[in-house]
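Below you'll find the structure, written out as structure tokens, and then a few comments.
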Amino acid sequence: MVDIRQSLEYGKYLSRVGWKTERIRGVNYFIKKLPLIGSLIKIQRPKKINNKTIIQLSRKYRAFQIIVEPSSTRQLGSLTANGFRQSNSPYLPTKTLHMDLAKSEKDLLAGVKKDARAALRQTRNLRTEEMKNEKQIEEFRNVWKKTVGWKRYVPPVDHLVSLKESFGNNCLFLRSATLRQNAGWPRQSGASTGAIFLATDGIGYYWQAFTGKEGRKEQIQYKIVWEGILWAKKKGTKVFDFEGIYDARFPNEGWLGFTHFKKSFGGYEVSYPGAFVKNVWPFDL
């Protein structure tokens, strides 16, 4: 299985939102051109690291910085030998949670913690809606922005539409009303909880999500995530990736709350080395 950032779909998505994508021998290299100072190159969770290709692309695009986020510790020797140093601020989550989707739905549910199972029982009749077209995705985004305000970054509509178009049927925008508003569903004012799920190369992803105050009180986020897990399983994926949990190596106290939430679904932890950076001037390689 290959990380989503090395998939054809993700490469297509980044190309649509302002990055140049070079795919060489099955590895995605993402280049961001910046006026006057050159370009930034990032390589995220590749199966193999080819320093010769990195040098060639750095010269081609006049890179001032190269960022590599290795998929395993086995790749560190090659990076450090070529002048890369670990960053204190990783770009991707350095620890995540995986769920084995080869299990039956019954066994998956058995692995969910008691409080989370209670929340799923409480919301079992709650209606959800898939947002498919551009107008619906714009509604999804508007509620998301209204819910989180300025506290969190919310991607612009065109980025979300590009994500949907790049992944097609392997992209799920899912939203829900609150329990109190369930009878009048669907209507935008009641959509207090939503999430985006992706699937590619045998892995399903809990990509992004939001929950309003009332949604959290009613624990509706458990319903949304569970439906996303079952959707990924129906897609034939073997693993569900929760896309990031708290990592004491790179502590961020703000991650503790949603880490507790994600761990309530069971699964096992997976760790990554972090980000490695090399600052260069054009041709100084």
Self-check item: LEU160 over 23 Å from GLU214 (Cα atoms), in a helix (DSSP H, G or I) and in contact with a strand residue (DSSP E or B) (Cβ under 8 Å, 6 or more places away or on another chain)
Solution: yes
Quiz item: Can you name the strands (runs of 3 or more DSSP E) wholly within segment 1-46 that have at least 2 residues being in contact with a Lys or Arg (Cβ under 8 Å, 6 or more places away or on another chain) and open to solvent by less than 30 Å² (accessible area, probe 1.4 Å)?
Solution: 27-34, 38-44
Quiz prompt | Qualifying positions in segment 86-120 - touching a residue at least 12 places away in the same chain (Cβ under 8 Å) and among the hydroxyl-bearing types (Ser, Thr, Tyr) | solution = SER87, SER89, TYR91, THR94, THR96
Practice problem: Might you check whether a residue that is within 29 Å of PHE197 (Cβ to Cβ), touching a Phe, Trp or Tyr at 6+ places or on another chain (Cβ under 8 Å) and either among the polar types (S, T, N, Q) or at pLDDT below 95 (or both) occurs anywhere in segment 4-19? | Solution: no
Quiz item: Any idea which of THR259, THR237 is in a helix (DSSP H, G or I) and either modelled with pLDDT under 95 or at negative phi (or both)?
Solution: THR259
Self-check item: Positions within segment 145-187 being buried (at least 22 other Cβ atoms within 10 Å of the Cβ) and modelled with pLDDT under 95, in sequence order
Solution: ARG175, SER176, ALA177
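Please verify whether segment 223-246 includes one or more residues that are more than 26 Å from CYS171 (Cβ to Cβ) and in contact (Cβ under 8 Å) with a residue 12 or more places away in the chain. Before the answer, list the steps.
Within segment 223-246, the first condition is being more than 26 Å from CYS171 (Cβ to Cβ), and the residues that meet it are 246.
From what is left, the residues that are in contact (Cβ under 8 Å) with a residue 12 or more places away in the chain are 246.
Within segment 223-246, one or more residues are more than 26 Å from CYS171 (Cβ to Cβ) and in contact (Cβ under 8 Å) with a residue 12 or more places away in the chain.
For residues in segment 188-231 being of a type in the set (Ser, Thr, Tyr) and at pLDDT below 95, which is most open to solvent (accessible area, probe 1.4 Å)?
Residues of segment 188-231 of a type in the set (Ser, Thr, Tyr): 189, 192-193, 200, 205-206, 211, 222.
Pick out the ones that are also at pLDDT below 95 and you get 189, 192-193, 211.
Values: SER189: 92, SER192: 19, THR193: 2, THR211: 28 Å².
Residue satisfying both the conditions and the ranking: SER189.
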Quiz item: Restricting the first residue to segment 141-158 and requiring it to be touching a residue at least 60 places away in the same chain (Cβ under 8 Å), which pairs with a second residue that is of a type in the set (Ser, Thr, Tyr) and open to solvent by less than 40 Å² (accessible area, probe 1.4 Å) meet a Cβ separation below 7 Å and a spacing of at least six or different chains?
Solution: THR147/SER192
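Only one residue in SER58, SER71, SER89 is over 20 Å from SER39 (Cα atoms) and out of contact with any helix residue (DSSP H, G or I) (no Cβ under 8 Å at 6 or more places or on another chain), so which one is that? Show your work before the answer.
On the way: SER58 fails: over 20 Å from SER39 (Cα atoms); SER89 fails: over 20 Å from SER39 (Cα atoms).
On inspection, the qualifying residue turns out to be SER71.
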Self-check item: Search result, residues across segment 54-75 that are buried (at least 17 other Cβ atoms within 10 Å of the Cβ) and either over 23 Å from the mean Cα position of the chain (by Cα) or not aliphatic (A, V, I, L, M) (or both)
Solution: ILE54, LEU57, SER58, TYR61, ALA63, PHE64, GLN65, GLU69, PRO70, SER71, GLN75
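Kindly provide the set of residues from segment 240-256 that are hydrophobic (A, V, I, L, M, F, W, C), buried (at least 18 other Cβ atoms within 10 Å of the Cβ) and outside any strand (DSSP E or B), ordered by number.
We begin by selecting, within segment 240-256, every residue hydrophobic (A, V, I, L, M, F, W, C); these are 240, 242, 245, 248, 250, 255-256.
With buried (at least 18 other Cβ atoms within 10 Å of the Cβ) added as a condition, the list becomes 240, 242, 245.
Those that are hydrophobic (A, V, I, L, M, F, W, C), buried (at least 18 other Cβ atoms within 10 Å of the Cβ) and outside any strand (DSSP E or B): PHE242, ILE245.
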Quiz item: Restricting to segment 110-127, what's the tally of residues that are farther than 14 Å from GLN219 by Cα and crowded, with 17+ Cβ neighbours inside 10 Å?
Solution: 1
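The values are calculated or read from the model by the stated rules, or taken from the named source; none is laboratory data. Quick caveat, the model's predicted, so the values are computed rather than measured. We place every Cβ from the backbone using ideal geometry, glycine too, and count neighbours over all the protein chains shown. Ligands, DNA and RNA are stripped out before the accessible areas are found, and what is left, the full protein with its side chains, is counted by its heavy atoms. Shrake-Rupley method; radii C 1.70, N 1.55, O 1.52, S 1.80 Å.
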